[in-house]
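Q: Here's a structure for you.
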Amino acid sequence: TCQVCQMLLPNQCSFCAHQRIHAHKSPYCCPECGALCRSAYFQTHVKENCLHYARKVGYRCIHCGVVHLTLALLKSHIQERHCQVFHKCAFCPMAFKTASSTADHSATQHPTQPHRPSQ
């Protein structure tokens, strides 16, 4: 793993080639395919041809494909964007999107039962 950008690299040769990019040392060697380059086109090569920077560690959401840099950010994203909270009636299998809807249901459908908060 590169300490500068936290990129995972498959072997020592790829790691050394990657370090030359950070150090701005020519000739550049592509960490993915081994191509040598001395020109400004090298950045285009590693970004667009060999997709070297796609190797950076990320966590992709299985629901929408958004990539997050940490697992904690991914978990937060999933909870905020893809999870719905339901409030279950304490007396029957019904569930509702709000606690007030559950309370209304309990009052009308289970009037003889003692009041219990939804789960």
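Q: Yes or no: residue 70 within 30 Å of residue 16 (Cα to Cα) and polar (S, T, N, Q)? Spell out how you get there, then give the answer.
A: Values: within 30 Å of residue 16 (Cα to Cα): yes; polar (S, T, N, Q): yes.
When the stated conditions are applied, residue 70 passes them.
Q: May I ask you to list the residues in segment 1-34 that are of a type in the set (A, V, I, L, M), at pLDDT below 80 and either assigned to a loop (DSSP other than H, G, I, E, B) or out of contact with any Ser or Thr (no Cβ under 8 Å at 6 or more places or on another chain) (or both)?
A: If we filter segment 1-34 for residues that are of a type in the set (A, V, I, L, M), which is where we start, we get 4, 7-9, 17, 21, 23.
When the remaining residues are screened for being at pLDDT below 80, the result is 4, 7-9.
4, 8, 9 - these are the residues of segment 1-34 that are of a type in the set (A, V, I, L, M), at pLDDT below 80 and either assigned to a loop (DSSP other than H, G, I, E, B) or out of contact with any Ser or Thr (no Cβ under 8 Å at 6 or more places or on another chain) (or both).
Q: Next question, about the same structure. Taking only pairs six or more apart or across chains, which ones have beta-carbon atoms under 8 Å, a first residue in segment 63-81 that is more than 21 Å from residue 7 (Cα to Cα), and a second residue that is surrounded by 12 or more Cβ atoms within 10 Å (Cβ to Cβ) and at pLDDT 90 or above?
A: From residues that are more than 21 Å from residue 7 (Cα to Cα), the pairs are 63/78.
Q: Out of everything in segment 35-89 that is of a type in the set (Phe, Trp, Tyr) and either open to solvent by less than 70 Å² (accessible area, probe 1.4 Å) or under 13 Å from the mean Cα position of the chain (by Cα) (or both), what residue ends up being modelled with the lowest pLDDT? Lay out the reasoning, then the answer.
A: First, pick out the residues of segment 35-89 that are of a type in the set (Phe, Trp, Tyr): 41-42, 53, 59, 86.
Add one more test, that the residue is either open to solvent by less than 70 Å² (accessible area, probe 1.4 Å) or under 13 Å from the mean Cα position of the chain (by Cα) (or both), and what stays is 42, 59.
On the way: 42: 82, 59: 77.
Step by step, filter segment 35-89, then rank; the result is 59.
Q: Among the listed residues 102, 108, which satisfies the condition of being exposed (fewer than 12 other Cβ atoms within 10 Å of the Cβ) and out of contact with any Gly (no Cβ under 8 Å at 6 or more places or on another chain)?
A: Working: 102 fails: exposed (fewer than 12 other Cβ atoms within 10 Å of the Cβ).
Result: 108 is the single residue among 102, 108 that is exposed (fewer than 12 other Cβ atoms within 10 Å of the Cβ) and out of contact with any Gly (no Cβ under 8 Å at 6 or more places or on another chain).
The values are calculated or read from the model by the stated rules, or taken from the named source; none is laboratory data. What you are looking at is a predicted structure, and each value in this text was computed from that prediction instead of being measured. Please note: Cβ atoms are built from the backbone with ideal geometry, for glycine as well, and neighbour counts cover all protein chains shown. Just so you know, the surface numbers come from the protein's heavy atoms only, side chains and all, with ligands and any DNA or RNA stripped out. Shrake-Rupley method; radii C 1.70, N 1.55, O 1.52, S 1.80 Å.
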